[in-house]
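Rule-based calculations on the coordinates, nothing more; no lab input. What you see is a predicted model, and the numbers here were worked out from it, not measured in a lab. Reconstructed Cβ throughout: ideal geometry from the backbone, glycine too, with neighbour counts over all protein chains shown.
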Amino acid sequence: MSILVNIQHVSKKYKDASRVAVNDLSLTINKGDVFGLLGPNGAGKTTFISMLCGLFPTSSGEIYINGQTHKTHSKECKQVIGVVPQEIALYPKLTAWENLMFLGHMYGLSGGSLKEKIKENLRILGLEENMHQKIVSYSGGMKRRVNLIAGLLHNPQLLILDEPTVGVDVQSKQAIIEHLKDLNKKNGMTILYTSHHLEEAEDFCSHIAIIDDGKLITQGETNQLIIDNNCKSIEEVYLKITGEKFRDK
Amino acid sequence: MKLLYSIYKEYKVLIRDRAGLIITFIMPTILILIITLIQDTTFRSVNEASVPLLIVDRDHDSLSQTLEKSLINSKFFVITKKQLSDEETKKQIATGQFFIGIIIPENASKQLREKTSARIAKLLGSFSGDSTSIKEQRDTTKLNIQLYFDPITKKSFKTTISNSIERIVSQIEMQSMVNSLNDKMKESFPLATPSKLEITPIVNLKEEYASYNNSTIIPNSVQHNVPAWTLFAMFFICIPLAGNIIRERDDGSAFRLLTMPGSYMIVILGKMLTYVAVSLIQFSLMLCVGVFLLPMLGMPQLNIGNNLPVLFLVAISAGLAATGFGLLVGTIATSHDQASLFGSVFIIMLAAIGGIWVPTFVMPDVMKKIAVISPLNWGLEAFYGIFIRNFGFKEIFPQVAKLLGFFAICLGSAYLYQKYKRLR
């Protein structure tokens, strides 16, 4: 399998911070993987994703996406990525259609192909009938589904999902996960997924990495991790590795 | 295409934000109407007839009638006639019912005629060498017209009013002298038919405002308040703009847009162009208020001068300065509340310093010097230049350059701050 994302000894220390946010992190994500990035609050997941998206530079180390770095090929790297933030990153006073049309144009898409793409995704996620309603009138689950579509419009090779199912009902969660599985299976889309729903991660991810305190603790194929740690589930593996202490002080 | 869609998105977001629309368009309209109506009297007192004057006429003869007629013709006073005692007159002035009270004593006209007649007789007697009669006819008593002033009257204003009345009285005295002289001449030369001596002024003081390019517009409350509050509203746009930026940052939209290839700068450019367009619409709307609405309420009509391209240039420059400031506030502020508080307080301070509330020409010297640091003052001076002094591009350029410089500094500062935050 070819490598899509190659992280080599990446560290990040914020200027005013007393500790390192990401500490000598190295990992690879292959094309077609569904890669779960797990870790407690403050483990460094958001910092890592921000660097991966090219929002700010690393303090040391390199991030390669399709063999290119943000430093030299920012536009090409960003074109590969689709991001679904944890927040509902949509304009509440615009309709779902207007939001998606705007974001599609920002990805450089336009015309009939964009409209078709939006309609198709809205239909798959059960939002076709409500597409001309303002986002402010949507339920939490509907907002999450539109939020997901916004990251998919340009057919990214790597889809980064930051807790995509937080705060949604079972039906919406099911629809989102099934759609993602479909995209991975049919289109070979690589997915980087973070969540605190460990059961969902175990079911969804082919590979998992657990980070804590900015360091990579373990990584591997999901089933292999469970076997290697002599556990019954990823949740057990997670608690065994990260401990049971509260992290968000 | 990206830019056009970004502008379209901002337009959609803006028109669906009712509170934002009220702040953007309704607030400045109301401010212009209220402040212009309130300040109109103050501006008029400097420019036009509005001094309430009480005449107590005990003479009922030519002197009082001529004085009254001259005061009316001066168009400086609103005249009321009453029959009151000295004490009552004083009381009415002291309580502020009138600015000035004039008491013309009983038989004033008769006394004036007698005195002028005596003086003319004395003059003519001197030609005939009758020194005895000259000595006998010497009269040093004066005819007193009593003036009362409201105690709050400024000394300079009191002097101006006194001088005006004194001039009118002098003319009446002169007229009386001429009349007496005519009568005496008729007595001496009964068969002659002399032409009347003209007493119209020979020396004329030609007065006009030292305006530029032959413009003769006199500043009034509309000329001050419309551009002043329009600028205030244009700069107040920084609050919805900063709020828009902060909202995008808080809800993750900025994060998403930053991950798109080359999109965030276009989004920011789209925001700027949209808000500059909004500020131009504000400006046009406020001009319409000054030109069409205020005259309906009895206010003077706003004269926008005759240099529309330069007026448009100043409006764009002010819009850019305001947008740049909003962008900077939105970049630095960490919350919507912080941006609203900081933005509004700062704009109010700049407005106060810059002569929006109180025109700089009535400010103390120290404040006049401080006023020049405010971008709102630069804009206001530019509008004054176009509306009142009929300035062209060359004369307006320094103010336009300052506004564009302010925009560039705000934009540069926002960029550097953003860069600093990303590299942290």
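Some points to look at:
- The protein assembly as shown - mean residue ellipticity at 222 nm from DSSP helices (-39,500 (n - 2.57) per run, n ≥ 4, rounded to 500): -18000 deg cm²/dmol
- Fraction of beta bridges assigned by DSSP in chain B that are antiparallel (%, nearest 5): 30
- 0 to 90° range, to nearest 10: angle between helix A:140-152 axis and chain A longest Cα axis: 80
- Applying 1/(1 + (r/R0)^6) with R0 = 51 Å to the Cβ-Cβ distance of residue B:11 and residue B:73 gives a FRET efficiency near 0.30.
- Gyration tensor verdict on the protein assembly as shown (Cα atoms; rounded if a/c is under 1.5, prolate if a/b is larger than b/c, oblate otherwise): prolate
- Point-to-point label distance, residue A:28-residue B:60, nm (Cα→Cβ direction, 7 Å offset): 12.0
- Antiparallel DSSP beta bridges within the protein assembly as shown, percent to nearest 5: 45
- For the pair residue B:1 and residue B:292, the difference between a 0.36 nm per residue extended length and the Cα-Cα distance amounts to 100.9 nm.
- Computed label-point distance, nm, for sites residue A:232 and residue B:18 using a 7 Å Cα→Cβ extension: 5.6
- Relative contact order of chain B, pairs being alpha-carbon contacts under 8 Å that are 6 or more residues apart, as %: 18
- Angle between chain B longest axis and helix B:2-15 axis [Cα atoms, degrees, rounded to 10]: 60
- Each part gets one Cα centre, and for region A:172-187 versus region A:189-206 those centres are 11 Å apart.
- Normalising by residue count, region B:50-188 has a Cα convex hull of 120 Å³ per residue.
- For region B:76-124, the percent of C-alpha pairs falling in each 10 Å distance bin, counted from 0 to the bin holding the largest distance, reads 21, 34, 23, 18, 4.
- Note on region A:38-178: the alpha carbon radius of gyration divided by the globular reference 2.2 N^0.38 Å gives 1.10.
- Degrees, to the nearest 10: B:221-236 long Cα axis against longest axis of chain B: 20
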